[in-house]
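All remarks here apply to the structure that follows.
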Amino acid sequence: MAPQSARDKIIHAAMELFWLKGYNSTSIADLLSRTQLNSGSLYHVFPSKQDVLIGVLEAYRDGIEEMLLQPAWGHVDDPIEKIFALLQGYRTMIVDTDCTYGCPIGSLALELHEPDPRVRDLLAENFENWTRAVEGCIGAAGKRIPRGVDKKALAQFVLTAMEGGVMQARTHRDVSYFDRAVKQLREHFELLEKAAKTPA
C-alpha cells in the first residue's frame, strides 16, 4: 500500500476532528498534532483552514459510494430495502457512539450559519448526492410506488427524517428517537405500496 500523501493525511484528520469537535473548535494545531506534519507542509497544500473544509466537503461528495452507499447496500437487492439499509447504517453509528453520533454534513451545515458560497454549495451538493441516491432507489421500485409521486420530494423527506432522527437521538442520548422517525417512514412507504396496488 502506497503511503498517504500529505493532502490525504490532512483530509482524513480533518474529517475526524470536524466530526468530533466541530469546525470552529478544530485548530490548525489540532490538525498538525493529528497528522504529525509541520505547518509548512500543511499550508503548502491548504493555504487556510477554510481550504481544508472545502477539501473535506469535496472528499465526502466524491466518496459517497465508497464511504456510505457500498457498505450499506453490499448485500441488499430490494430498492426500498436499500433505503432502510442506509438508515440502519446511521442507527449502527448512533448506537456504537452511545448516541453522540452526528451526521458529518448535517453537523457542519448546522454549525456554519453563514458559510462562504463555495462551502454552502458543497454542503448542498453533498445533500443532493444523498437524495439522488435515494431517489434512484425509489425509481427502481417501479410500480410499487404510485404514479404521480414526486420521487425527488420523497427522497428529500427521507433525508429530513434521517437528519432529524440523528439530531434528536444525539440531543436526548436515546436511539429510540431515531427509531421512531424510521418507523414512521417505513409506515409511509408501506402506505405508498398499498396505494400502488389499489385499482384506480
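The values are calculated or read from the model by the stated rules, or taken from the named source; none is laboratory data. The structure presented is a predicted model; accordingly, all values stated were derived computationally and were not measured. Note that we place each Cβ from the backbone using ideal geometry, even for glycine, and neighbour counts take in every protein chain shown. Just the protein is used for accessible areas: all its heavy atoms, side chains included, with ligands, DNA and RNA removed. Shrake-Rupley method; radii C 1.70, N 1.55, O 1.52, S 1.80 Å.
Annotation: Arg61 fulfils all but one of (1) assigned to a helix (DSSP H, G or I); (2) at pLDDT below 95; the unmet one is (2). Among the residues of the stretch 138-148, those that are part of a loop (DSSP other than H, G, I, E, B) and surrounded by 14 or more Cβ atoms within 10 Å (Cβ to Cβ) comprise Ala141, Ile145, Pro146.
Kindly establish whether Val134 is in a helix (DSSP H, G or I), more than 30 Å from Ala196 (Cβ to Cβ) and β-branched (Val, Ile, Thr).
Values: in a helix (DSSP H, G or I): yes; more than 30 Å from Ala196 (Cβ to Cβ): no; β-branched (Val, Ile, Thr): yes.
Here the answer is no, as Val134 does not meet what is asked.
Tell me which residues, restricted to the stretch 47-90, are small (Gly, Ala, Ser), under 24 Å from Ile28 (Cβ atoms) and in contact (Cβ under 8 Å) with a residue 12 or more places away in the chain. Passing the criteria: Gly55, Ala59.
For the stretch 72-129, the tally of residues that are surrounded by fewer than 16 Cβ atoms within 10 Å (Cβ to Cβ), among the polar types (S, T, N, Q) and assigned to a helix (DSSP H, G or I) stands at 2. Only a single criterion out of (1) more than 19 Å from Gly102 (Cβ to Cβ); (2) surrounded by 15 or more Cβ atoms within 10 Å (Cβ to Cβ); (3) touching a residue at least 12 places away in the same chain (Cβ under 8 Å) is not satisfied by His44, namely (2).
For the stretch 23-41, a residue qualifies if it is touching a Lys or Arg at 6+ places or on another chain (Cβ under 9 Å), hydrophobic (A, V, I, L, M, F, W, C) and assigned to a helix (DSSP H, G or I), and the qualifying residues are Ile28, Leu31.
Please verify whether Ile11 is over 23 Å from Glu125 (Cβ atoms), open to solvent by less than 40 Å² (accessible area, probe 1.4 Å) and at pLDDT 95 or above, treating the condition exactly as stated. Let's see the steps before the verdict.
On the way: over 23 Å from Glu125 (Cβ atoms): no; open to solvent by less than 40 Å² (accessible area, probe 1.4 Å): yes; at pLDDT 95 or above: yes.
Here the answer is no, as Ile11 does not meet what is asked.
Taking only the stretch 91-119 into account, find how many residues are aromatic (Phe, Trp, Tyr) and touching a Phe, Trp or Tyr at 6+ places or on another chain (Cβ under 7 Å). Can you show your working first?
Let us first name the residues in the stretch 91-119 that are aromatic (Phe, Trp, Tyr), namely 101.
Now narrow it down to the ones that are touching a Phe, Trp or Tyr at 6+ places or on another chain (Cβ under 7 Å): none.
Adding up the residues that qualify gives 0.
So which of Glu128, Glu163, Glu135, Glu190 is of a type in the set (Asp, Glu) and over 29 Å from Ile54 (Cβ atoms)?
Working: Glu128 fails: over 29 Å from Ile54 (Cβ atoms); Glu163 fails: over 29 Å from Ile54 (Cβ atoms); Glu135 fails: over 29 Å from Ile54 (Cβ atoms).
None of the others qualify; the one that does is Glu190.
Tell me, please, whether a residue that is closer than 28 Å to Leu108 by Cα, open to solvent by less than 80 Å² (accessible area, probe 1.4 Å) and hydroxyl-bearing (Ser, Thr, Tyr) can be found in the stretch 167-176. Yes, because at least one residue in the stretch 167-176 is closer than 28 Å to Leu108 by Cα, open to solvent by less than 80 Å² (accessible area, probe 1.4 Å) and hydroxyl-bearing (Ser, Thr, Tyr).
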